[in-house]
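Some notes on the structure that comes next.
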Amino acid sequence: VQLQASGGGLVQTGASLRLSCAASGRTLNTYDLAWFRQAPGKKREFVARNSWSGGTVYYSDVVKDRFTISGDHAKNTVHLQMSRLNAEDTAVYYCAAGRSGSTSPSMEFEYEFWGHGTLVTVSS
């Protein structure tokens, strides 16, 4: 599975931004796509996950009221719509693919494949 993240950039506080993750390779019917992020000097953290099966989505508490993850299964693409961005959202955002049915969707070890990341910078 290859993952290509895009859509990062420099925005001001309060702005919105949409990230996209395009997946290719073997069939993705058994994989879910998720977003993680890593801020400067911090560990990588879970942001959101989209489950193709049943349409279940998961969010970290930090972003759940501001970010929306959505998937286009036909295009093997997942989007992350981010709104009301603030400086704490500045990070490299990574797309990841993990087996469906995970019992720990926020844990890195659940994900087999990772994209290279796209940088989001929020200026005040």
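The values are calculated or read from the model by the stated rules, or taken from the named source; none is laboratory data. Computed from a predicted model, the values in this text were never measured in an experiment. Surface accessibility is based on the protein's heavy atoms, side chains included, excluding ligands, DNA and RNA. Shrake-Rupley method; radii C 1.70, N 1.55, O 1.52, S 1.80 Å.
A few remarks follow.
- Measuring nothing but how far apart in sequence close Cα pairs (under 8 Å, 6+ apart) lie, relative to its length, the chain scores a relative contact order of 36 percent.
- Derived scalar couplings ³J(HN,Hα) [the stretch 6-21; Karplus, 6.51 cos²θ - 1.76 cosθ + 1.60; whole Hz; x for Gly, Pro]: 8, x, x, x, 9, 9, 8, 3, x, 7, 10, 7, 10, 9, 10, 10
- Straight-line cross-link reach from residue 64 at under 17 Å between alpha-carbon atoms covers these aspartates and glutamates, not counting any fewer than eight positions away in the same chain: 45, 88, 89.
- Percent accessible area from carbon and sulfur atoms, the chain, protein chains only, probe 1.4 Å: 49 percent
- Nearby aspartates and glutamates by direct alpha-carbon distance to residue 75 (threshold 17 angstrom, same-chain neighbours under 8 apart not counted): 32
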